[in-house]
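The values are calculated or read from the model by the stated rules, or taken from the named source; none is laboratory data. What you are looking at is a predicted structure, and each value in this text was computed from that prediction instead of being measured. Cβ: placed from backbone, ideal geometry, glycine included. Neighbour counts: every protein chain shown.
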Amino acid sequence: NKIKIINFMDNKEIKKEPETINLDFKESKKGKFKHYIIKEISEQEESIMRAIEQDQDFIKNIANQIENAFGVFFVGCGTSYHACLSASYLFSKIAKKHINVVLASEFRNYRHFLTENTLVIAVSQSGETADVLDAIGVAKEKHSRIISIVNVPGSSLTKLSDEVIMMNAGQEVSVLSTKSYTSQLAILSLLAYASIGKFEKGIGLIKKAASYVDEIISKNLNKLESLADMLKDKKDIFLIGRSLGFPTALEGALKIKEVSYIHAEGLAGGELKHGTLALIEKGVPVIVISTDETKKDILNNALEIKARGGYIIGFNSENSEAYDYFIKMPHLEDMEPIISIIPIQILAYYLAVKKGCDPDKPRNLAKSVTVK
């Protein structure tokens with residue numbers, strides 16, 4: 001009744017302490033939902049709340065490390081990278097802290113900046129993404145400190161890290177990351193507020209954002225299904241945003257393209273004039289993600305698109321004559337990214353269903369990318 005772990009290089013036993021992992025097998029069932037992805041989208045109020053059920057002293061300690069480190073890198077791939085990018089805007093705004101955000105696959109090329117005083121925060125749902133593990137290997141060679149934000153306990157990333165923040169998002173069966181994304185945003189946002197001594201304010205703002213999840217879903221489900229009917233035969237969909245809306249545009253485009261196979265491109269509103277505006281013609285759909293801070297500038301971008309025949313879909317707290325279709329969003333101080341992605345996740349789901357695609361298992365993609 002014993003298990004021994006042996007190092008075959010020297011034939012010596014490796015001592016390991018048992019780790020108990022609690023699994024909720026109810027999460028592996030679809031229940032009343034037709035697909036896992038829409039079930040997981042609907043679970044985001046609970047998963048966001050679980051994400052911030054963290055020990056206050058532990059979070060404050062990590063926030064202090066971010067504040068005092070000589071160079072901080074946020075590293076991730078795909079959806080996790082977008083969460084890192086979104087968090088960098090928040091750290092800049094409220095903590096006045098510069099964060100280097102780097103794709104894990106490109107992190108090796110930044111190794112010359114790493115020292116033992118550098119802090120690297122790796123963000124990954126699975127904790128097994130090959131490019132993230134490679135990035136951490138590079139950081140460890142430079143003796144940099146490693147903190148990970150991860151959803152899967154006992155994963156390789158947890159074992160390579162000096163400290164680990166568990167996302168507690170629960171099992172995510174669909175290949176598409178939905179609730180893990182908003183959980184990552186919640187934790188990173190909490191770290192930003194904790195770094196300026198406002199842990200409780202951060203908790204309050206995130207809880208307020210989470211409280212809108214069910215309302216946003218119930219009020220917009222039919223509208224988003226109708227919108228998917230209108231867009232399902234389009235060849236291109238563009239998404240634009242500024243500031244905190246920009247990473248949401250990137251993540252929204254990723255969701256649409258990976259599940260519906262429609263070409264989708266997310267970009268910063270100010271970059272329209274540097275190439276993409278040439279692709280706008282009559283009927284081309286453009287999703288405009290507006291925040292209160294960027295409302296004026298992003299509406300100017302929307303009008304530029306409309307003047308060239310583009311079809312404008314507004315995600316905003318207020319309607320505008322620039323919009324041809326409107327999804328109302330709540331006003332949330334600095335927490336718009338947690339909420340504004342949810343209707344785009346739902347839109348992507350309906351696009352996949354109406355095109356006959358499997359929304360849980362997109363072609364050529366895997367939940368955990370274990371090859372470089």
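Any residue that is of a type in the set (D, E, K, R), outside any loop (DSSP other than H, G, I, E, B) and in contact with an Asp or Glu (Cβ under 7 Å, 6 or more places away or on another chain) - is there at least one of those in the stretch 129-140?
Looking for residues that are of a type in the set (D, E, K, R), outside any loop (DSSP other than H, G, I, E, B) and in contact with an Asp or Glu (Cβ under 7 Å, 6 or more places away or on another chain), one finds none in the stretch 129-140, hence no.
Enumerate the pairs (first residue in the stretch 350-363 and under 9 Å from S260 (Cα atoms); second residue anywhere and part of a loop (DSSP other than H, G, I, E, B) and small (G, A, S)) with beta-carbon separation below 9 Å, excluding pairs fewer than 6 apart on the same chain, so at least 6 apart or on different chains.
P359/S174
Filter the stretch 34-63 down to residues that are within 11 Å of A194 (Cβ to Cβ) and buried (at least 18 other Cβ atoms within 10 Å of the Cβ), then give me how many there are.
Of the residues in the stretch 34-63, 5 are within 11 Å of A194 (Cβ to Cβ) and buried (at least 18 other Cβ atoms within 10 Å of the Cβ).
Any idea which of L254, L185, L227 is in contact with a Phe, Trp or Tyr (Cβ under 7 Å, 6 or more places away or on another chain) and crowded, with 21+ Cβ neighbours inside 10 Å?
None of the others qualify; the one that does is L227.
If I filter the stretch 265-295 down to residues being under 21 Å from N316 (Cα atoms) and of a type in the set (S, T, N, Q), which single residue comes out as surrounded by the most Cβ atoms within 10 Å (Cβ to Cβ)?
Applying the filter and picking the extreme gives S290.
Working carefully through the options G154, G127, G137, G170, find the one that is over 20 Å from the mean Cα position of the chain (by Cα) and modelled with pLDDT under 95.
G154
Is it fair to say K201 is in contact (Cβ under 8 Å) with a residue 24 or more places away in the chain and either surrounded by fewer than 20 Cβ atoms within 10 Å (Cβ to Cβ) or in contact with a strand residue (DSSP E or B) (Cβ under 6 Å, 6 or more places away or on another chain) (or both)?
No; evaluated as a whole, the condition is false for this residue.
Are there strands (runs of 3 or more DSSP E) fully within the stretch 258-372 with at least 3 residues that are in the same structural domain as A130 (by TED's automatic domain parsing) and under 24 Å from the mean Cα position of the chain (by Cα)? List them.
The strands (runs of 3 or more DSSP E) meeting that bar number zero.
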